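Every number here is computed from the coordinates shown, using simple stated rules; none is lab data. Source: prediction; values computed, not measured. Cβ sites come from the backbone with ideal geometry, for glycine too, and all protein chains shown count toward neighbours.
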């Protein structure tokens, strides 16, 4: 099964002294050809990197993963998920709900350490990759 990798996982892996568990899991997913990237996640990962050499290094590593193409329905579904969760007291970002919409449409899992996704999964048929 394909897996959409969220920003916190990439951040863990690219940081100095990276979390070995997340690095090993990402390496295994990559080896099996299961990693999927959304353009919005790519943008989040690269945003805020002050050092141009570090930016280029991470940009080159991420270039190995093509962006998962999004469709109009993904954006509309993301908005519907946003509204559904918000009406139930659960807040989230537009990027998070795009990840949810793409994952549900493709029947992919989401790999993240962001606890909000557990909250979304209570209201959206979302599959999360366990990271424990």
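What number, in percent, do you get for the relative contact order of the chain if the mean sequence gap of Cα pairs under 8 Å and at least 6 apart is divided by its residue count?
Taking the mean separation of contacting Cα pairs over the length of the chain, I get 30 percent.
Using only the alpha-carbon atoms, how far is helix 94-106 inclined from the longest principal axis of the chain? Give it as 0 to 90 degrees, nearest 10.
Helix 94-106 and the main axis of the chain meet at about 80 degrees.
Hey, rough spin-label estimate for residue 30 and residue 59, points 7 angstrom out along Cα→Cβ, what's it come to in nanometres?
Taking the two extended label points, one gets 1.9 nm.
Given axes a ≥ b ≥ c from the Cα gyration tensor, I'd like to know whether segment 66-132 is rounded (a/c under 1.5), prolate (a/b larger than b/c) or oblate.
Note, shape of segment 66-132 comes out oblate.
Going by average Cβ density within 10 Å per residue, which order do the peptides 24-34, 99-109 take, highest to lowest?
99-109, 24-34
Quick one: helix 72-87 against the long Cα principal axis of the chain, what's the angle to the nearest 10°, folded into 0 to 90?
Relative to the chain, helix 72-87 is tipped by roughly 70 degrees.
Can you give the relative contact order of segment 93-132 as a percent, counting alpha carbon pairs under 8 Å and 6+ residues apart?
42
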